[in-house]
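Below is one structure, written out as structure tokens; comments come after it.
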Amino acid sequence: MRARELNLTLDPDRAGPIYVRAAEAILQAVRSGRIQRGQALPGIRELAERLGVHRNTALAALRELEAQGWLEARPRSGFFVVEALPERPLCAGAGPGAAGPGFDVPGRLRPITSTSNVVLDFSDGVADARLAPTEALARAYPRALRLKGPELLQAGAFMGHARLRRALAAHVAEQRALVREPDQVLVIRSTSMAVSLVAQALVGPAGGDVAVETPGHPLVWETLRQASAARIHGLPVDAGGLQVEALEALLARTPLHLLVLTPQCHMPTGVALAADRRERILALARAHRFAILELDGEYDYLEAPPVPLAAQDTTGQVLYFGSLSRLLAPGIRLGFLVVPGNLAEGLAKARQRMDWQGDPVLEWAVSELFLDGEIARHLRRVRKACQDRRAALLDALRFHLPGLLAFEGTPGGMALWLRGAGKMADPARFDIWIRSCGLKGIKLRLGSYFDLEGRPLAATRLGFTAYTPAEIQDAVPLMT
């Protein structure tokens, strides 16, 4: 018999992850006899409504109770209370391994915020792993080992496997109009590795001046600080991208070593750098002889996206970074740098100091996906999915939060830049809204996170590409 007329309430005074509090509410109903041994629990949707949480939270609570022996899951039937109840209390992860380190921990290693309440992370745009070409990769990976195993398991592919570098050179030529030789391509793992390598090579321990966008990418700023003695200067961004007048004013005061830029889809606002500003920035780079690191980590699902700054560069000023993690799935840690001249070999030597080489087997397997056309087919599939998800998010926000948010960014990005409108234009009120979303399991970043100086902003970045339209429609009401 299914549990009916069941009242479940989360303890508002109880600290801890929301899914654990939900599990405790269910467990209390079992212990009090409101749910009997052997009895089926309500379905996920009904249970979530009774608990006042998202369905993913309700499912996480059930999985926690199942893992600790209170429930059992029966295929096509749901969750049932076990006949023989455990005698131990619900454990929330305590134990000998939970003890802290027995030494002083530097402040930079201490956690700043807890993510224990997070059920849905909307704080950035990432690829949906459920859309990844897993079947094609599952065929390509063993094929790599079968055909090239001894070669691929040796050390030595410091620039990345030649087969993938050729495929990437062809890919950026076709998709981004960026024509370069395979020897100018360096396979790496991530945005942070790209920034770290370039900062070490061009700035280093002697220090130098680096310009970045603000609002901007906090991971870039932190990596610059860790990888070099960079003096970081923030340049403002408006609807046309980086304000060139601010760059000119900075160059009048100090020589610049490096400019880190996201011209295709600015992180975090999503605006594209205007065409006239692109030309002016390239001219300044030539005149003042500074390098530009172009981060193009977000794939674009527009049919005709703007070409990268690197494709307009004729004098070797721009180093271009692209991400396969954003294209395929977050767990596939592959990216690449396309660099001027023979700089790739020197950067590969610097890369060895932090990460001897990449993953040649994975690189060969992914090159197979490029060569057999699977990547192109995958791009066509995800373009439509992302357009649908963006539309679902905009519709849901307009319905549930009318007049409170303004949406910015290009139609092709992986996230929306939300600005407070009306009463939400006040940064303090906007921050209260962000925190209230967190208490309901929806992770968003405070606007100050995106400001180089940490100044409050009535704005945040809301990623949508990792969630289906149905998941988005379920989540947005929790943001009210």
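The values are calculated or read from the model by the stated rules, or taken from the named source; none is laboratory data. These figures come from a predicted structure and were not determined experimentally. For neighbour counting, all protein chains shown are included, and Cβ atoms are generated from backbone atoms with ideal geometry for every residue, glycine included.
A few comments on the model shown:
- Hey, residue 199 surrounded by 20 or more Cβ atoms within 10 Å (Cβ to Cβ), closer than 30 Å to residue 250 by Cβ and either hydrophobic (A, V, I, L, M, F, W, C) or under 22 Å from the mean Cα position of the chain (by Cα) (or both) or not: yes
- Residue ID - surrounded by the most Cβ atoms within 10 Å (Cβ to Cβ), chosen from residues in the stretch 53-73 that are out of contact with any strand residue (DSSP E or B) (no Cβ under 6 Å at 6 or more places or on another chain) and not in a helix (DSSP H, G or I): 53
- Just one of the listed residues (272, 252, 285, 246) is under 22 Å from residue 306 (Cα atoms) and out of contact with any His (no Cβ under 8 Å at 6 or more places or on another chain), namely 285.
- Within the stretch 240-263, considering residues that are under 23 Å from the mean Cα position of the chain (by Cα) and part of a loop (DSSP other than H, G, I, E, B), the one surrounded by the most Cβ atoms within 10 Å (Cβ to Cβ): 262
- Applying the criterion of being among the basic types (Lys, Arg) and surrounded by 12 or more Cβ atoms within 10 Å (Cβ to Cβ) to the residues of the stretch 131-163, the residue that is farthest from residue 352 (Cα to Cα) is 139.
- Only residues that are under 19 Å from the mean Cα position of the chain (by Cα) and acidic (Asp, Glu) were counted in the stretch 423-480, giving 2.
- If the condition is being assigned to a helix (DSSP H, G or I) and crowded, with 20+ Cβ neighbours inside 10 Å, then the stretch 439-454 contributes 447, 450.
- Contact map, the stretch 73-88: first residue more than 18 Å from residue 42 (Cβ to Cβ) and charged (D, E, K, R), second residue modelled with pLDDT of 85 or more and part of a loop (DSSP other than H, G, I, E, B), Cβ cut-off under 8 Å, separation 6 or more or different chains; pairs are 83/37; 83/38.
Residue-by-condition table, conditions (1) modelled with pLDDT under 90; (2) surrounded by fewer than 19 Cβ atoms within 10 Å (Cβ to Cβ):
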| site | (1), (2) |
| --- | --- |
| 344 | no, no |
| 349 | yes, yes |
| 353 | yes, yes |
| 370 | no, yes |
| 407 | yes, yes |
| 410 | yes, yes |
| 424 | no, no |
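- Pairs with Cβ under 7 Å, 6+ apart, first in the stretch 413-429 and in contact (Cβ under 8 Å) with a residue 24 or more places away in the chain, second of a type in the set (A, V, I, L, M, F, W, C) and in a helix (DSSP H, G or I): 416/393; 420/430; 424/430; 424/433
- Flag for residue 138 being within 25 Å of the chain's Cα centre (by Cα) and under 14 Å from residue 334 (Cα atoms): no
- Whether a residue is aliphatic (A, V, I, L, M) and under 18 Å from the mean Cα position of the chain (by Cα) was assessed, and residue 414 passes this test.
- When the criteria are applied in full, residue 85 meets the requirement of being aliphatic (A, V, I, L, M), modelled with pLDDT under 85, surrounded by fewer than 16 Cβ atoms within 10 Å (Cβ to Cβ) and touching a Lys or Arg at 6+ places or on another chain (Cβ under 9 Å).
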